[in-house]
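We did not get these values from a lab; they are worked out from the coordinates using the rules stated. Everything numeric here is computed off the predicted structure, so don't read it as measured data. FYI the Cβ positions are ideal-geometry reconstructions off the backbone, even for glycines, and counts take in every protein chain you see.
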Amino acid sequence: MESLRGKVALVTGGSRGIGRAIVVDLAAAGADVAFTYRQNVEQARKVVERLKELDRRGLAFQADVADFASAQLVVEQVITAWGKLDILVNNAGIHQNETIWDMDEAQWDRVLDVDLKGTFNYTRAVAPILRRQRAGKIVNIASIHGLRGRQAGPNYSAAKAGVIGLTKSVARDLGPYGVNVNAVAPGITETDMVRALSDEAKAGFVAGIVLGRMGQPEDVAHLVTFLCSDRARHITGEVIKVDGGQYI
Amino acid sequence: MRLKGKVAAVTGAGQGIGRVIALTLAREGAVVAVSDINLEAARQTAQEIEAQGGQAIALQVDVTQRQDAEALTERAVQAFGGLDILVNNAGIYPSAPIVEIEEKEWDLVMAINLKGTFLCSQAAARQMMAQRQGVIVNVASVDGKTRTTGNAHYAASKAGVISFTRTLACEMCSYGIRVNAVSPGWIETETLRSKSNRWRQAIKEIPVGRLGTPEDVAEAVLFLVSDVAGYITGEVLDVNGGIFMD
């Protein structure tokens with residue numbers, strides 16, 4: 001389904017997990033995709049190879065999304081390399097679980113910096129470009145925990161709730177310029193981080209999910225691709241859950 | 001052709017958003033049971049589907065009547081062998097200030113918009129449970145979520161549709177049946193334009209600066225009924241150009 005043919009996308013945190021699935025799905029839909037990764041060069045290289053297999057162009061940038069200046073640089077480099085940018089997916093995110101009574105200042109700051117400020121950094125970098133061309137799509141990966149709050153996750157829940165607020169505000173500003181801005185809110189998704197949990201913990205999560213299974217990165221990616229297509233041109237400022245009914 | 005081999009039933013498909021939903025599902029390969037209280041209108045939509053190379057049957061269905069709601073599912077199964085997709089779109093949206101709403105108008109709005117969704121869903125769900133698969137999409141409205149004036153009965157009925165969507169999603173969990181809603185904002189249809197000029201004022205409050213089209217709603221429905229949305233259930237998807245964000 002080549003609905004993104006000719007489009008250029010930038011995905012943060014695209015070397016593994018949900019980010020990787022998004023990069024691959026956007027490419028399968030026809031887009032050329034640039035992405036950032038934080039440390040694993042080998043994984044990033046494999047993703048670029050996968051894009052070549054799909055007959056699309058790919059570019060990987062090592063960057064910490066919490067760095068405001070480097071976000072500007074990454075976006076500039078995409079424009080230099082490929083001449084334009086149509087889609088931004090703010091996916092890079094971390095969690096550092098801790099109950100409120102034990103949480104360090106550093107744990108709070110780090111998660112807020114990567115998950116919320118990182119989203120701001122990249123959105124700020126692309127906004128003038130999308131506004132000037134009067135077209136574009138921004139999709140932010142939030143979480144159901146930004147809506148419902150997660151146990152032992154005050155930093156993560158606050159950051160993701162912040163991403164939701166940011167999404168709506170930016171949607172209002174960029175709406176008149178033909179740019180759609182939305183958020184997707186996954187529930188528990190089977191990535192390396194989740195696979196590492198105990199079987200007991202995993203079973204506990206699944207018990208509360210209406211569809212009886214964890215999400216796959218592709219489930220999130222499909223929704224992102226839909227939101228990046230023209231089929232979703234009248235959807236903006238929206239938060240769509242992809243959580244198998246974990247939080248209804 | 002994302003819905004090749006699927007059987008869909010759409011209520012209120014004789015005109016407006018319902019008609020475009022039926023055409024869109026058919027375009028993607030679904031065979032469609034086109035239903036409407038107006039049989040002639042349903043037939044026209046069915047003919048349009050056939051003219052674009054698809055397959056359809058037309059039925060007269062008054063969603064407020066249990067026998068009609070059951071017949072919709074039965075006829076779809078008879079004609080096409082099963083029922084994979086139900087879109088509860090039939091609805092009316094009269095306007096009146098609360099102090100002037102006539103009791104029978106209140107009852108009618110509730111009967112068509114909310115009870116109709118219940119009756120059609122009940123019949124379809126029984127079939128889908130036996131199949132252990134199926135997808136239901138209810139057409140709600142931004143007015144079911146946000147403050148509004150002049151259409152309290154409509155708003156309440158749509159808020160009811162949203163709640164019903166969630167409950168149904170939870171009850172259908174072990175049968176592999178997904179249930180979601182789309183929640184349109186101001187959508188440009190003949191009915192809307194003929195009602196009043198309120199929509200001109202509304203455009204100023206819509207971030208994307210224009211009314212939505214029936215196609216915008218239909219594409220969201222298409223996404224929700226497709227396999228790519230296989231992990232989405234109990235969700236209400238706003239299609240409103242940003243006029244309301246929750």
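Tabulated data
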| read-out | value |
| --- | --- |
| Nearest-ten-degree value, helix A:118-133 long axis tilted from longest Cα axis of chain A | 30 |
| Segment A:Gln216-A:Arg148, extension gain: residue separation times 0.36 nm, minus the distance between their alpha carbons | 22.4 nm |
| Computed over segment A:8-242, the ratio Rg/Rh where both radii use C-alpha atoms and Rh is Kirkwood | 0.95 |
| Inter-probe distance in nm under a simple model that places probes 7 Å from Cα toward Cβ, at B:Arg132 and A:Ala207 | 2.4 |
| On Cα atoms only, tilt of A:154-174 relative to the major axis of chain A in degrees | 30 |
| Candidates B:Ser141, B:Ser174, B:Ser95, ranked by Gaussian network fluctuation over chain B, Cα under 10 Å, top entry | B:Ser174 |
| Ranked packing of B:72-84, B:150-162, A:73-85, A:218-230, most packed first, by mean Cβ within 10 Å | A:218-230, B:150-162, B:72-84, A:73-85 |
| Over segment A:66-127, relative contact order from alpha-carbon pairs under 8 Å, at least 6 apart, % | 57 |
| Using a Förster distance of 22 Å, the FRET efficiency for B:Arg66-B:Ile98 (Cβ separation, nearest 0.05) | 0.15 |
| Label-reachable residues, segment B:83-123, where backbone N falls under 14 Å from a point 7 Å from B:Ala202's Cα toward its Cβ | B:92-96 |
| Average beta carbon contacts from partner chains per residue of A:157-170, 10 Å cutoff | 1 |
| Residues B:Met110, B:Met172 arranged by fewest to most Cβ contacts within 10 Å | B:Met110, B:Met172 |
| On Cα atoms only, tilt of B:16-27 relative to the major axis of chain B in degrees | 30 |
| Interchain or long-range residues, amide H under 5 Å from A:Phe61's placed H | A:Phe35, A:Thr36, A:Tyr37 |
| Fraction of alpha-carbon pairs over 44 Å apart in the protein assembly as shown - percent | 14 |
| Assigned charges on the beta-carbon of Lys, Arg, Asp, Glu; the protein assembly as shown dipole about Cα centre (debye) | 840 |
| Estimated FRET transfer efficiency (A:Asp192, B:Glu171; beta-carbon r; R0 30 Å; 0.05) | 0.30 |
| Those lysines that a straight Cα-Cα span of less than 28 Å connects to A:Lys241, excepting residues fewer than 8 apart in one chain | A:Lys7, A:Lys117, A:Lys137, A:Lys160, A:Lys168, A:Lys202, B:Lys4, B:Lys6, B:Lys115, B:Lys145, B:Lys158 |
